1. Conditions first: (1) assigned to a helix (DSSP H, G or I); (2) closer than 16 Å to R67 by Cβ. M35 passes all but one, so which condition is the exception?
2. Restricting attention to segment 1-23, and to residues there that are among the aliphatic types (A, V, I, L, M) and either more than 18 Å from V69 (Cβ to Cβ) or touching a Leu at 6+ places or on another chain (Cβ under 9 Å) (or both), which single residue is most open to solvent (accessible area, probe 1.4 Å)?
3. Show the residue pairs meeting these rules: Cβ distance below 7 Å; 6+ apart or different chains; first residue within segment 18-47 and touching a residue at least 24 places away in the same chain (Cβ under 8 Å); second residue in a loop (DSSP other than H, G, I, E, B) and surrounded by 15 or more Cβ atoms within 10 Å (Cβ to Cβ).
4. Suppose we filter segment 52-61 for residues that are among the aliphatic types (A, V, I, L, M) and either at pLDDT below 95 or loosely packed, with under 13 Cβ neighbours inside 10 Å (or both); how many remain?
5. So V69 ticks every box in (1) within 13 Å of L3 (Cβ to Cβ); (2) among the aliphatic types (A, V, I, L, M); (3) outside any loop (DSSP other than H, G, I, E, B) but one. Which box is left unticked?
6. Only one residue in A34, A26 is touching a Ser or Thr at 6+ places or on another chain (Cβ under 8 Å) and open to solvent by less than 90 Å² (accessible area, probe 1.4 Å), so which one is that?
Amino acid sequence: MTLEEIIAIRVREYRLGKRISMAELAQRIGMSKAMLSKIENAQTSCSLSTLSRLAEALGVPVTALFRGVDAERE
């Protein structure tokens, strides 16, 4: 899996687990729903600042969004 795919899975997993709609999460982090959808569908990469805002809005550490990434990835 690519890094984008892993982040997409984790963001969706935490968002659904907290019963937050895509529109609500997008509003919380100041992002369009369309861009959040692209992140959740691994259609785009996001910046570190966006990852930080996502993690904060979801109440998880940034590292939680990378869970499942190979330790030896370059």
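The values are calculated or read from the model by the stated rules, or taken from the named source; none is laboratory data. Nothing here was measured: the structure is a model prediction, and the numbers come from that model. Note that we place each Cβ from the backbone using ideal geometry, even for glycine, and neighbour counts take in every protein chain shown. Ligands, DNA and RNA are excluded from the accessible area calculation, which covers all protein heavy atoms including side chains. Shrake-Rupley method; radii C 1.70, N 1.55, O 1.52, S 1.80 Å.
1. Failing condition for M35: (2).
2. Looking at residues that are among the aliphatic types (A, V, I, L, M) and either more than 18 Å from V69 (Cβ to Cβ) or touching a Leu at 6+ places or on another chain (Cβ under 9 Å) (or both), I get L16.
3. I39/C46
4. Number of matching residues: 0.
5. (3)
6. On the way: A34 fails: touching a Ser or Thr at 6+ places or on another chain (Cβ under 8 Å).
A26 is the lone residue from the list that is touching a Ser or Thr at 6+ places or on another chain (Cβ under 8 Å) and open to solvent by less than 90 Å² (accessible area, probe 1.4 Å).
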